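Visitor: Handing you a structure now.
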Amino acid sequence: MFSKEEDAKIKKEFWTSFGKSFPRKWILYDTKIKDFAFKFYCDNKKAEVSIDIEMKDEIFRNAYYEKLWSLEGILEDELKCEVYKDEFYTLENGKVISRFWVEKHSVSIYNKNTWREIFEFFVEKMTAFEMVYYEYEEFIKDV
């Protein structure tokens, strides 16, 4: 295993390399909806692209979840894969959020030989998530 310093160095190199390989401005937290964000994630087994709905108010969180759920078929058509969803997804810190995400398995942030594959997955899937968001932004925001 890696020391904390080595782990941090590898992760920094990974994210820096991604940014240099695919320089563009992603929506991420700039959705104009508080606690509604697009996220990239990678660990030693898989890569994920997600939409996280993190509102503390369960009624609002549920309302946004229902809006996205109603677009599930469109999301899957655009992403060209199954979109996972969990209305009560629990983060490692115990916080409950709602999440829609796609995954790529058999890749690792610690294996540079899979970085290109991860980066291409990130770009393809995040672009598709963003396209659906831009197309249905007013519908999604109308809560």
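Visitor: For Phe36, what is the net charge nearby, where nearby means another residue's Cβ is under 12 Å from its Cβ and Lys, Arg count +1, Asp, Glu -1?
Guide: Its environment carries a net charge of +2.
Visitor: Shifting gears a bit: So, with +1 on the Cβ of K and R and -1 on the Cβ of D and E, and no other charges, what is the size of the charge dipole of the range 7-141 about its Cα centre, to the nearest 20 debye?
Guide: Values: 23 positive and 27 negative charges, 156 e Å.
The dipole magnitude comes to about 740 debye.
Visitor: If you take the beta carbon distance between Phe139 and Arg24 as r and set R0 to 22 Å, what does 1/(1 + (r/R0)^6) give as a FRET efficiency, to the nearest 0.05? Provide the component values of the computation, followed by the final result.
Guide: Details: r = 25 Å, r/R0 = 1.13.
Taking R0 as 22 Å, the efficiency between Phe139 and Arg24 is 0.35.
Visitor: Let me ask something else about it. Residue separation times 0.36 nm, minus the C-alpha to C-alpha distance between Asn44 and Ser70: what's the value?
Guide: Gain on stretching Asn44 to Ser70: 6.1 nm.
Visitor: Which three lengths, in whole Å and largest first, does the range 7-141 cover when its Cα atoms are put on their principal axes?
Guide: Cα extents, longest axis first: 42, 32, 25 Å.
Visitor: Given charges of +1 on the Cβ of Lys and Arg and -1 on the Cβ of Asp and Glu, with all other atoms neutral, how large is the dipole of the range 91-142 about its Cα centre, in debye to the nearest 20?
Guide: So the magnitude is around 360 debye.
Visitor: Can I ask one more? Remind me, relative contact order of the chain in percent, using alpha carbon pairs under 8 angstrom and six or more residues apart? Walk me through the intermediate numbers first.
Guide: Working: 182 pairs, mean separation 37.1, N = 143.
Relative contact order, the chain: 26 percent.
Visitor: Along the charge dipole of the range 7-141, Cβ charges K/R +1 and D/E -1, which of Ala63, Tyr84, Ser108 sits furthest on the positive end?
Guide: About the Cα centre, the residue reaching furthest to the positive side is Ser108.
Visitor: Using the basic label-point model (7 angstrom from Cα toward the beta carbon), what is the Glu87 to Lys11 distance in nanometres?
Guide: 3.2
Readers should treat all values here as calculations from the given coordinates under stated rules, not as data from a laboratory. Bear in mind that the values here come from a model prediction, so they are computed numbers and not experimental data. When we count neighbours, we look across all protein chains shown, and the Cβ atoms used for this are built from the backbone with ideal geometry, even at glycine.
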